[in-house]
Amino acid sequence: MDTWKDKIVALEARGWTLTGIGNAVDLSPSSISDIKQGRCKNPGGMAAVKIHNLFSTGALPPGREVAANAPHSKRKRAA
């Protein structure tokens with residue numbers, strides 16, 4: 001079972017920053033840090049739903065979504 005701390009760590013591994021997570025779920029970066037450090041065991045209400053959605057959908061942070069879905073370079077190969 002994934003803990004809230006595990007979810008935050010996994011989001012960071014995908015490239016999310018604490019600030020980015022906080023912006024996405026309407027919490028301050030320090031609140032996200034508290035969750036990550038175990039100082040806050042359970043985020044409340046909609047923040048919990050939003051963190052879960054970011055984690056479970058595999059969402060990438062803004063800016064990385066474009067790079068991840070961009071077509072590969074179409075450079076000409078040497079013959």
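No value in this document is a laboratory result; all are computed from the given coordinates. Just so it is clear, the model here is predicted, and its values are computed rather than measured. Positions of Cβ are generated from backbone atoms using ideal geometry, with glycine treated the same way; all protein chains shown enter the neighbour counts.
Computed values, structure above
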| read-out | value |
| --- | --- |
| Estimated vicinal HN-Hα couplings, Hz - the range 44-50 in sequence order (Karplus 6.51, -1.76, 1.60; Gly, Pro = x) | x, x, 5, 4, 5, 4, 5 |
| Loop-resident sites, the range 9-47, for trypsin sites (Lys or Arg not before Pro), counting at most 14 other Cβ within 10 Å (DSSP) | ARG14, ARG39, LYS41 |
| D_trans [Stokes-Einstein, Kirkwood Rh over alpha-carbon pairs] for the range 4-59, 4 °C, 1.567 mPa s, µm² s⁻¹ | 121 |
